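Colleague: Handing you a structure now.
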Amino acid sequence: MFQKTLHISTSPHVVRGIGTDDIMRNVVWAMAPTAGYAIWVFGLSALLMLLTATAACVLTEHLLARMSGKESTISDWSAVITGALLALTLPPGFPLWMTFLGGVVAIGLGKFAFGGLGYNVFNPALVGRAFLQAAFPVAITTWHKAFAPERFLSVTASTLTFPFTEPAAVDAFSGATPLAAFKFEHAITPAYDLALGLIPGSTGETCAVLIALGGLYLIARGMMDWRIPVSILAAVGVFSSILHLADAEAYPSPVFMWLSGGLMLGAVFMATDMVASPVTPLGVWVYGTLIGVLVVVIRIWGGLPEGVMYAILLGNAVSPHLDKLVIPRVYGTSRTYKTKAT
Amino acid sequence: MNILHIRHNTFKHGVHPPEHKEDTRGLPIRQFPFAPLLILPMTQHIGVPAVPVVREGQEVSRGQLLAKAGGYLSVPLHAPVSGVVHRIGNVPTISGQMAQGIYLKTFPFSTQEAVEGIPVDVNEAKQEAILQAIQDAGIVGLGGAAFPTHVKLKVPEGKRCDTLIINGVECEPYLTTDHRVMLEQADDIFMGIRYLLKATQAERCIIGIEANKQDAAEHLAACAPSDLPLTVAVLTVKYPQGAEKMLITALLGREVPSGGLPIDVGAIVINVATTAEIGRLLPHGRGIQERVVTITGPGIRKKGNYLIPIGTPLRFVLEYVEADPDLSEVYLGGPMMGVAVSNLDIPITKGASGVLAFTAAQVSRPHRVYPCIHCGACIQACPMSLMPNKLGQLAKFEAWDEMAEQHHLMDCFECGSCSYVCPSHIPLVQYFRLAKIMVRKRKQSKTAV
């Protein structure tokens, strides 16, 4: 009896059973309603762009891993998140070749150059987007009409722009985004339109309700730090309320600030990138507050109508330092211990 | 007077592994048969090995002294059965190494009646006499640590123990020994508390029990003698609530200082089964001969809580409970901190609170390790508020000294919560065990120079 060789290992002999790949996969599911709605609003162009960005990221991840002599890492699903997120931040008629390039840069420069999953300092999707914003400032601020009647029959002309050429004369421009409208024309878009995404804007930043639902799902599964969206939205709310109360004419209401632009998408799906955000609960509060304040500062006083991307990138840059500075007090010790600067 | 307190205070952080206690929590303690040959290592406790006082071929009665304590940090060993000393030599132990021990052949037709010694009366005996009696009875922490109880109870000069804490938390999944002891041996526990209060001079006693053993808490509260300064506290179900420091924090709101002992904050914590053992043995002057062990896990057919003679070979135990012949993993203790055994010819020792058995198909272990994704789950699991992620990074670079000096490595008590939650399956606590060994080794070599 009992002839089998016994397997030995050190305790604990049980694990919670939620793996990194499970977390990543669930983030993809949480983004799916937002992506689906984007396709409904913007049609084939949005669908093609989502596919292109995801394909570019997954392909880059696979090839770079293979070229560096490692096992392919695409099965952890993180490249899919980067691809989908990148597409959601771009205008719906953005040329596909530029989208593809953005995906390559996001993974290559934003992630692999730092050492791959777990080592990137910045959210890779935002690195890709920052690159595209610098390289193609016109194309990335060319907005397209929501609910165009022919959106499922044909793609926007700019989508299929021949590689390495700029799209022809602006073909689908349909008015400014709510933030640009406010900044440059001082027009306020109704909150109802903002919440349901009946507005021009980036592919995925339109429907705040669906984004929030995705976030709630991840929080309920314990796969997202709720403190990040909460602290960002709270900081934006408090800061913009103060300004709005001081001068309601010059400064928009907090509701407008919350629902417009990429704030919801950024607060829920981008700033929460585990790798690029701080690890300690207290550090996370600092990080979220910082991002929220920066968003308001850039939107109100900056040269650009939208500041979520830069605010999060700056937050990402600060988070390794927060990990060193804002650390928990160890049980049985009187003070927080400090790590020596290295 | 209502002495039952439902408290909601607990410690910071911690994890919630599935409990798996339902299979055995309702099963009364049953006597296990006597194995034909017992294996009795001289080190069933932390400290100096015991020294045999019998010779090969000698006949011994159940309860007779087999080995005396090897020093102050040591306890004696008593014969768990009547039989004959078969051999004195090396015996296999759980660590995989051999150690000095005694093989004892059981008399097959003996009544197995135990011999008694000099009783220790709780009302008359002095503090020192009780401590001595506890050592003489061979008592160690039965919760798993197997630290000599008399050493733990000794209040150092200049310190005071105001609260005696009885640990009935049993936060390890699967295990139900303490639960059954509390339900079935309440009088022994109360008698034990009397001895312990006298030994520590504590003013009051609190029994800490997790809320998943509400019945035990109510039972103890209902039959507690009115003259005992006793409180029964029901605590949140959370691992590792049963760790000494966590229990003290939950019950008293005090934090044991880093590197210190519970007595530094006026508390002494004793496991509830140990307490029952003291209350049962001391009035008869007997030594410890058996202990309650939960035998469970999907690989076991006759699961239960058994009173097993110390020294019973694991193979005999598993055969009796009709374990699956295709067993591939067996642990002594719980799944969070228990030790996997590599050899079934080792004995049940004083510190063994459970035997868990699984076949290969019943174990699911992740094999792929991902990089750390900074999710912070380990930080929010660590009961000591350490940063396991940071420690893990440093361990990869073998920066042992930095781990100890700047990141409180030595405060880790290896509960395994970090490894349990890590989504990337990084072997964090496993790294820390290694790191602690390396740090201790370096310290030793430094003092040697």
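Colleague: For B:R442, indicate whether it is outside any loop (DSSP other than H, G, I, E, B), touching a residue at least 24 places away in the same chain (Cβ under 8 Å) and not β-branched (V, I, T). Outline the logic, then answer.
Modeller: Values: outside any loop (DSSP other than H, G, I, E, B): yes; touching a residue at least 24 places away in the same chain (Cβ under 8 Å): yes; not β-branched (V, I, T): yes.
Spelling it out, B:R442 is indeed outside any loop (DSSP other than H, G, I, E, B), touching a residue at least 24 places away in the same chain (Cβ under 8 Å) and not β-branched (V, I, T).
Colleague: Does segment B:262-280 hold any residues that are out of contact with any Asp or Glu (no Cβ under 9 Å at 6 or more places or on another chain) and either more than 11 Å from chain A (Cβ to nearest Cβ) or free of Cβ contacts under 8 Å to residues at least 24 places away in the same chain (or both), and which are they? Write out each step before concluding.
Modeller: Keep residues of segment B:262-280 that are out of contact with any Asp or Glu (no Cβ under 9 Å at 6 or more places or on another chain), which gives B:263-264, B:268, B:270, B:274.
Result: B:I263, B:I268, B:I270, B:T274.
Colleague: Would you confirm whether any residue within segment B:33-52 is in contact with a helix residue (DSSP H, G or I) (Cβ under 7 Å, 6 or more places away or on another chain) and under 28 Å from A:H7 (Cβ atoms)?
Modeller: Taking segment B:33-52 and keeping what is in contact with a helix residue (DSSP H, G or I) (Cβ under 7 Å, 6 or more places away or on another chain), we get B:33, B:35.
In the following step, the residues that additionally are under 28 Å from A:H7 (Cβ atoms) were identified as B:35.
Looking for residues that are in contact with a helix residue (DSSP H, G or I) (Cβ under 7 Å, 6 or more places away or on another chain) and under 28 Å from A:H7 (Cβ atoms), one finds at least one in segment B:33-52, hence yes.
Colleague: Can you find, within segment B:257-274, the residue that is surrounded by the most Cβ atoms within 10 Å (Cβ to Cβ) among those that are under 15 Å from B:R160 (Cβ atoms) and among the β-branched types (V, I, T)? Spell out the reasoning first.
Modeller: We begin by selecting, within segment B:257-274, every residue under 15 Å from B:R160 (Cβ atoms); these are B:260-268.
From what is left, the residues that are among the β-branched types (V, I, T) are B:263, B:265, B:268.
On the way: B:I263: 19, B:V265: 21, B:I268: 24.
Residue satisfying both the conditions and the ranking: B:I268.
Colleague: What is the residue count in segment B:75-91 for residues that are within 18 Å of B:E59 (Cα to Cα) and surrounded by fewer than 15 Cβ atoms within 10 Å (Cβ to Cβ)?
Modeller: So the answer is 2.
Colleague: Looking at B:E172, B:E128, B:E157, can you tell me which residue is without any contact (Cβ under 8 Å) to a residue 40 or more places away in the chain, more than 20 Å from B:Q44 (Cα to Cα) and under 25 Å from the mean Cα position of the chain (by Cα)?
Modeller: Numbers: B:E172 fails: without any contact (Cβ under 8 Å) to a residue 40 or more places away in the chain; B:E157 fails: under 25 Å from the mean Cα position of the chain (by Cα).
Matching residue, one of B:E172, B:E128, B:E157: B:E128.
Colleague: Right, here's the next one. Among the candidates B:V269, B:V256, B:V232, B:V292, single out the residue that is of a type in the set (A, V, I, L, M) and assigned to a loop (DSSP other than H, G, I, E, B). First the steps, then the outcome.
Modeller: Values: B:V269 fails: assigned to a loop (DSSP other than H, G, I, E, B); B:V232 fails: assigned to a loop (DSSP other than H, G, I, E, B); B:V292 fails: assigned to a loop (DSSP other than H, G, I, E, B).
After applying the criteria, what remains is B:V256.
Colleague: I'm told A:S68 meets every condition in (1) surrounded by 23 or more Cβ atoms within 10 Å (Cβ to Cβ); (2) under 25 Å from B:S424 (Cα atoms) except one. Can you identify the failing condition by its number?
Modeller: (1) is the only condition that A:S68 fails.
Colleague: For segment B:235-253, give me each residue that is over 18 Å from the mean Cα position of the chain (by Cα) and either assigned to a helix (DSSP H, G or I) or within 11 Å of chain A (Cβ to nearest Cβ) (or both).
Modeller: Result: B:T249, B:A250, B:L251, B:L252.
Colleague: Scan segment B:423-439 residue by residue and report those that are closer than 29 Å to A:D22 by Cβ and either in contact with a Leu (Cβ under 6 Å, 6 or more places away or on another chain) or in a helix (DSSP H, G or I) (or both). Outline the logic, then answer.
Modeller: Initial filter on segment B:423-439 (closer than 29 Å to A:D22 by Cβ): B:423-435.
Those that are closer than 29 Å to A:D22 by Cβ and either in contact with a Leu (Cβ under 6 Å, 6 or more places away or on another chain) or in a helix (DSSP H, G or I) (or both): B:L428, B:V429, B:Q430, B:Y431, B:F432, B:R433, B:L434, B:A435.
Colleague: Provide a single number: the residues in segment A:75-91 that are surrounded by fewer than 24 Cβ atoms within 10 Å (Cβ to Cβ) and either without any contact (Cβ under 8 Å) to a residue 12 or more places away in the chain or within 11 Å of A:L126 (Cα to Cα) (or both).
Modeller: 0
Colleague: Something else about it: Quick one: which of B:L332, B:L327 is under 19 Å from A:T10 (Cα atoms), touching a strand residue (DSSP E or B) at 6+ places or on another chain (Cβ under 6 Å), hydrophobic (A, V, I, L, M, F, W, C) and more than 8 Å from every other protein chain (Cβ to nearest Cβ)? It would help to see each step written out before you state the result.
Modeller: On the way: B:L327 fails: more than 8 Å from every other protein chain (Cβ to nearest Cβ).
Matching residue, one of B:L332, B:L327: B:L332.
Colleague: Residues A:L153, A:L117: which one is within 14 Å of chain B (Cβ to nearest Cβ), in a loop (DSSP other than H, G, I, E, B) and not polar (S, T, N, Q)?
Modeller: Working: A:L153 fails: within 14 Å of chain B (Cβ to nearest Cβ).
None of the other options fit; the residue is A:L117.
Colleague: Among B:G351, B:G392, which is more than 8 Å from every other protein chain (Cβ to nearest Cβ), part of a helix (DSSP H, G or I) and more than 16 Å from B:P335 (Cβ to Cβ)? Reasoning before the result, please.
Modeller: Details: B:G351 fails: part of a helix (DSSP H, G or I).
After ruling out the rest, the residue left standing is B:G392.
Colleague: Separate question: Could you list, in sequence order, the residues of segment B:406-424 that are more than 9 Å from every other protein chain (Cβ to nearest Cβ), surrounded by fewer than 21 Cβ atoms within 10 Å (Cβ to Cβ) and either more than 13 Å from B:K436 (Cβ to Cβ) or of a type in the set (A, V, I, L, M) (or both)?
Modeller: B:M410
Colleague: Counting only residues that are in a helix (DSSP H, G or I) and within 23 Å of B:K245 (Cβ to Cβ), how many does segment B:354-389 have?
Modeller: Taking segment B:354-389 and keeping what is in a helix (DSSP H, G or I), we get B:360-362, B:388-389.
Imposing the further condition that a residue be within 23 Å of B:K245 (Cβ to Cβ) reduces the set to B:388-389.
Matching residues across segment B:354-389 total 2.
Colleague: A further question on this structure: If I ask for residues that are outside any helix (DSSP H, G or I), within 7 Å of chain B (Cβ to nearest Cβ) and either within 27 Å of the chain's Cα centre (by Cα) or of a type in the set (D, E) (or both), which ones from segment A:1-44 would you list? Give the derivation first.
Modeller: So in segment A:1-44, the residues outside any helix (DSSP H, G or I) come out as A:1-19, A:43.
Going one step further and asking which of them are within 7 Å of chain B (Cβ to nearest Cβ), we end up with A:1-2, A:4, A:6-16, A:18-19.
Selection gives A:I18, A:G19.
Colleague: Quick check on B:Y72: is it surrounded by fewer than 18 Cβ atoms within 10 Å (Cβ to Cβ) and aromatic (F, W, Y)? Quick ask: steps written out before the conclusion?
Modeller: On the way: surrounded by fewer than 18 Cβ atoms within 10 Å (Cβ to Cβ): yes; aromatic (F, W, Y): yes.
Considered against the rule, which asks whether it is surrounded by fewer than 18 Cβ atoms within 10 Å (Cβ to Cβ) and aromatic (F, W, Y), B:Y72 comes out as yes.
Colleague: Kindly indicate which of B:E157, B:E116, B:E128, B:E124 is at pLDDT below 95, part of a helix (DSSP H, G or I) and exposed (fewer than 14 other Cβ atoms within 10 Å of the Cβ). Spell out the reasoning first.
Modeller: On the way: B:E157 fails: part of a helix (DSSP H, G or I); B:E116 fails: part of a helix (DSSP H, G or I); B:E124 fails: part of a helix (DSSP H, G or I).
From the options B:E157, B:E116, B:E128, B:E124, the qualifying one is B:E128.
Colleague: Can we say B:P108 is more than 14 Å from chain A (Cβ to nearest Cβ), in contact with a strand residue (DSSP E or B) (Cβ under 8 Å, 6 or more places away or on another chain) and either modelled with pLDDT of 95 or more or farther than 30 Å from B:G297 by Cα (or both)?
Modeller: Values: more than 14 Å from chain A (Cβ to nearest Cβ): yes; in contact with a strand residue (DSSP E or B) (Cβ under 8 Å, 6 or more places away or on another chain): no; either modelled with pLDDT of 95 or more or farther than 30 Å from B:G297 by Cα (or both): yes.
The answer is no for B:P108.
Colleague: Report whether or not B:M387 is more than 7 Å from chain A (Cβ to nearest Cβ) and over 20 Å from the mean Cα position of the chain (by Cα).
Modeller: Values: more than 7 Å from chain A (Cβ to nearest Cβ): no; over 20 Å from the mean Cα position of the chain (by Cα): yes.
Judged against the criteria, B:M387 is not a match.
Colleague: Checking A:P281 against (1) free of Cβ contacts under 8 Å to residues at least 40 places away in the same chain; (2) surrounded by fewer than 17 Cβ atoms within 10 Å (Cβ to Cβ), which test does it fail?
Modeller: Against the list (1) free of Cβ contacts under 8 Å to residues at least 40 places away in the same chain; (2) surrounded by fewer than 17 Cβ atoms within 10 Å (Cβ to Cβ), A:P281 comes up short only on (1).
The values are calculated or read from the model by the stated rules, or taken from the named source; none is laboratory data. These numbers come from a predicted model, not from an experiment. FYI the Cβ positions are ideal-geometry reconstructions off the backbone, even for glycines, and counts take in every protein chain you see.
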